[in-house]
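Worksheet: one structure, shown below.
The values are calculated or read from the model by the stated rules, or taken from the named source; none is laboratory data. Quick caveat: nothing in here was measured; it's all calculated off a predicted structure. Cβ placement follows ideal geometry from the backbone for every residue including glycine, while neighbour counts extend to all protein chains displayed. Accessible surface is based on the protein model in full, side chains and every heavy atom, while ligands, DNA and RNA are left aside. Shrake-Rupley method; radii C 1.70, N 1.55, O 1.52, S 1.80 Å.
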Amino acid sequence: MSDTPHTTTTTGILEDLDDGQRRAATASSKHVLIVAPPGSGKTRVLSTRFALLVKAGAPLKTLLAVTFTNKSAREMKERIMALTGLPATALDVTTFHGFSLKLLKKTRPPFSLYGRHETLRLLKELGVKSPDKAARMVSAAKNGTRMSTGEDARVLSDYSSALKRENALDLDDLVPEAVKELERGADGGYAKVHIMVDEYQDINPLQARLVRLMAGETASVLAIGDPDQAIYSFRGSSLKSFLEFQDEYPGAEVIKLSKNYRSGANIVTASGELIAHNKERLRNDPVPVRSGGEIRHVESSDERAEADFIIKEIERLMGGLTSLTAKESDLVFSDFAVLVRTNRQADLMAGSFLRSSLPYYRGGEEGRSAGEFIRRLKGTPPRPGASLEDFIKEEGASAGLTEDLVETFLKAAEGLGGRPVAEVLDGFIEEASLMEDEDYLDIKADRVSLLTLHMAKGLEFKAVFIAGFEDGLIPYIKNGEIDIEEERRLFYVGMTRAKETLYLLSARKRSLRGVLSGTTPVLKGAPAWAC
């Protein structure tokens, strides 16, 4: 592997950046915190920073960029490759799980990695009545977000013992075990000089500890993210690391990106007014670059009428059913997203779309079939002489995977080709086991996206429909409890996915937890929302 950078000039790398982005990408402080609101070019800044370090002659082995999903890591790699001309295999751009796995493979005796699908399989074999619920409990316990007592503690103990018997670690073991290795002084040969962390607002205390240990007293740390988009507290994420970055890294420079290139001005203004009610944040008021931005509130009689309106409105905007194939509209199906707060909403909405003529994609539906496919590969001997790519295509077709899912697996296989499949299959299975539901999201195909608000983070669409804009659902109240600041952040994420038009949909009656009752649309006064 060559450390020689591509001949692209520094001027060429920076020419498409605005002043704020350029300042962030070229910051000379040892530690830097970048506050990057929606549509401000966060990935561009981080990729440019990496490319500039390469151009300056920094050895590739000293550079590390870390993000949260394999999908984001691939997108960042593609941008850096375009800026530097380097191959993907030369770039250490990975996830927290991916970095931790590499470290543990260098410092620990061989072990098996169990992805989410293997966790469910093991819990089923242990006789757990609700494996999905138990898997969430196990993950929360390992990430320090809840204490397990009673039956939960027994399940966690049995599960941990089963992992030990099978000489395996699951995804939630990787970061804590990597932290232990670094705390005892092992670095696996991965000492870094420049560490760049994406989506820093989503970091949990163990991940923050991992970054601190990697940096030691010498490495520089650049963290980028948006505290107003911190929506994963249920996974253990905490805003504390972002808000206290300067305490953890004294002398750190704080840079705020100021322009929103995504959404029309009205959407930027309205979302800004909403999130301004939060107290736990770093104030940053982005300036919209684009004019316009329409926000519409539509009230329907019930949730079925709500879904019908969405379908008819998409048909209208596309030019009507009779012209859908004539391409008379400038819009395509993938320009639309329907966002919901709960999976039950998604179930009902999917039923309505299924009865319509509109092609749609429901986020998260491919995760289980992907897990079954990975298990299938573990027991399938490869055909002699087959390439890894051909093997994935053949087995994917046999397993009935969609073309999109096969393509996702082929992307995961990049960098492992060129050798007999028998030599690289285990490595591919390991890479695939690192993938989670977010990594299977596919919005490039020409379909309407049906997603939960959590799944929509990081995406953008010309028109966004947010269904269930009613007190108790948005903001969501469960068992009488609500984290109003996180609910505002979640809705802020939903609003800022829209580029041109944002629809806020409410129903006069909705079935919640099996009970059909009247609702209170948020725009008609939900005190907790606006205070």
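See the values below:
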item	result
Residue count for the range 92-133, restricted to those that are touching an Asp or Glu at 6+ places or on another chain (Cβ under 7 Å) and among the β-branched types (Val, Ile, Thr)	2
Sole residue being within 15 Å of residue 175 (Cβ to Cβ) and of a type in the set (Lys, Arg), chosen from 105, 61, 71	105
Residue in the range 96-106 that is of a type outside the set (S, T, N, Q), at positive phi and modelled with pLDDT of 90 or more present	no
From the options 73, 65, 134, residue that is touching a helix residue (DSSP H, G or I) at 6+ places or on another chain (Cβ under 8 Å), of a type in the set (Gly, Ala, Ser) and at pLDDT 95 or above	65
Some residue of the range 174-196 being open to solvent by less than 20 Å² (accessible area, probe 1.4 Å), touching a His at 6+ places or on another chain (Cβ under 9 Å), closer than 18 Å to residue 122 by Cβ and in contact (Cβ under 8 Å) with a residue 12 or more places away in the chain	yes
Test: residue in the range 475-483 that is under 23 Å from residue 313 (Cα atoms), basic (Lys, Arg) and open to solvent by 10 Å² or more (accessible area, probe 1.4 Å)	no
Which listed residue is in contact (Cβ under 8 Å) with a residue 40 or more places away in the chain and touching a helix residue (DSSP H, G or I) at 6+ places or on another chain (Cβ under 9 Å), from 405, 317, 410, 401	317
Scope the range 19-53; condition within 18 Å of the chain's Cα centre (by Cα) and not β-branched (Val, Ile, Thr); matching residues	36, 37, 38, 39, 40, 41, 42, 44, 46, 47
Single residue of the range 291-312 satisfying the filter (open to solvent by 70 Å² or more (accessible area, probe 1.4 Å) and in contact (Cβ under 8 Å) with a residue 60 or more places away in the chain) that is farthest from residue 344 (Cα to Cα)	294
